[in-house]
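Undergrad: Handing you this structure, nothing more for now.
Readers should treat all values here as calculations from the given coordinates under stated rules, not as data from a laboratory. Remember, predicted model here, so these are calculated numbers, not experimental data. When we count neighbours, we look across all protein chains shown, and the Cβ atoms used for this are built from the backbone with ideal geometry, even at glycine.
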Amino acid sequence: MVAGVALLPLLHAPPEVAAPVVAMPAGLLVAAAALPVAAGRSRLVLRAHTPAQVVAGTALGGVCALVFTPLRRSRRVDAPRRAGFPPIGSAGPPGDARGPTPHRGGPVEPRPPHLSDRPEPHRPHASGRPDPLAQPHRSGEPHGCDGPYLPADEELAEALLALAVPFQEVNGLLAARTRLARDAGLRALFEEALHAQAAAVGTLGQPAGIDRDWPAGVADGAGFATLLFTALAPRTRAHHRALGVPPEVTRSTLADLGRQLVVSRWRGHTGLGNPRWLTLHFRGELFQLGRLQFQRRLLTGADAAAARAAGVGDRTLQVHIPDHCGPLSPGACDRALDRARAFFPRYFPGEPYRSACVFSWLLDPQLADHLPEESNIVRFQRRFAPLRRPGRPPQPEDTNPLRYVFGDVERPLESLPRDTAVQRALVDHLRAGGHWYVRGGWLAL
């Protein structure tokens, strides 16, 4: 027994294990010393019990004490360790394992059943707003609360991968997160943009709130827009759940974050090429349903005038064609449109969408002069009736198809690849002195 107690420090036993082990032999020694005294007093004073009864009662009491002591200790739940950053102005270095507690404002996202739901005291941010870099319980999932918050370390890696961020981007984003936590000025810029985007979740038609090149002027700031949307993702998921949107639709919609990083790399850039585009996904305005994306939209300006001229209402679903999602085949488009016809009346019953529209170079009718009649692009064009903007003839937008098909709009035409029919059509038409145009079209749902 003595040897076992002596080994405890050598084995680095935690206090909650060492204390009961030490207490048990100590309790037995005390009980053994007290037995004769208790027995003598019982016989001489109380004259009520035999020595055997006293011994049995004392032993029973000692056993109960030894059993309930470790049980009582096991009910003491310490706050879990979190690898986070303390709020601005608080003590402790970045990465303090005792980090701050999560923001508990608003509806709390349901946790997996194996996680504790015991509430924790909230540590306020220095500005009075929730601290987005404060860490909730480590849940093993990238959305352990309704946000907005930015996790750290391996939890951040999990959150990035859940948004389809490529593996080769993860280490750079973890380093950007560390820099963000240590630079007070950069952190303030990040928090201001994040809270503005979080407030816009669930709105429709509001300004994007960030520029195409956000954060402009920040050295090595290419990863901060990705971190912004990663921190916003828990709030978006909570909004989708409140609407009843299926989780698979949420996953495919938010995965456009990773896709845009791939596209940006392909075009020779780092970070997100246009963060404004992703505000539609993370606010709940745009949903990916199979091969196509559908944006809830109230048309304004020239687009609304074109819709009215065609007899189409201002409220419509704008169709977008994402990259890296397979062929634009008639079957894939049919299935996406069928899903849209069922999805929006169910989850947005107060917004009747009776038409879908598209504005794209893919609807330029000149493509039909260069591509086979049964090509996917030509058959996609046939689905839509023209939308013409009154009093505004189309303007050449040659860089638009070049950017989507080749990635680089600066290369000489003669150096561009000619591997596909679309590549040959675009280059040959431009080299012959022609131009490409963005055209509009609509169809009834």
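Undergrad: Starting from the stretch 191-213, keep only residues that are within 12 Å of Glu285 (Cβ to Cβ), then list their pairs with residues that are of a type in the set (Phe, Trp, Tyr) whose Cβ atoms are within a distance under 9 Å, requiring at least 6 positions of separation or different chains.
TA: Ala200/Phe282; Val201/Phe282; Ala208/Trp277
Undergrad: Right, something else. Taking the stated definitions as given, is Gly441 on the phi > 0 side of the Ramachandran plot, in contact with a helix residue (DSSP H, G or I) (Cβ under 6 Å, 6 or more places away or on another chain) and touching a residue at least 24 places away in the same chain (Cβ under 8 Å)?
TA: Against the criterion (on the phi > 0 side of the Ramachandran plot, in contact with a helix residue (DSSP H, G or I) (Cβ under 6 Å, 6 or more places away or on another chain) and touching a residue at least 24 places away in the same chain (Cβ under 8 Å)), Gly441 does not qualify.
Undergrad: Looking at the stretch 370-385, is at least one residue farther than 20 Å from Arg297 by Cα, among the basic types (Lys, Arg), in a helix (DSSP H, G or I) and under 38 Å from the mean Cα position of the chain (by Cα)?
TA: Yes, that holds for at least one residue.
Undergrad: Residues in the stretch 417-437 that are crowded, with 17+ Cβ neighbours inside 10 Å and assigned to a loop (DSSP other than H, G, I, E, B): how many?
TA: 1
Results for (1) in contact (Cβ under 8 Å) with a residue 60 or more places away in the chain; (2) touching a Leu at 6+ places or on another chain (Cβ under 9 Å), shown as yes or no for each residue.
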site	(1), (2)
Leu243	yes, no
Leu257	yes, yes
Pro275	yes, yes
Leu289	no, yes
Phe294	yes, yes
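Undergrad: Within the stretch 395-416, work out how many residues are closer than 24 Å to His320 by Cα, touching a residue at least 12 places away in the same chain (Cβ under 8 Å), in a helix (DSSP H, G or I) and not charged (D, E, K, R).
TA: Total satisfying the criteria: 6.
Undergrad: Among the residues of the stretch 345-352, is any surrounded by 19 or more Cβ atoms within 10 Å (Cβ to Cβ) and aromatic (Phe, Trp, Tyr)?
TA: no
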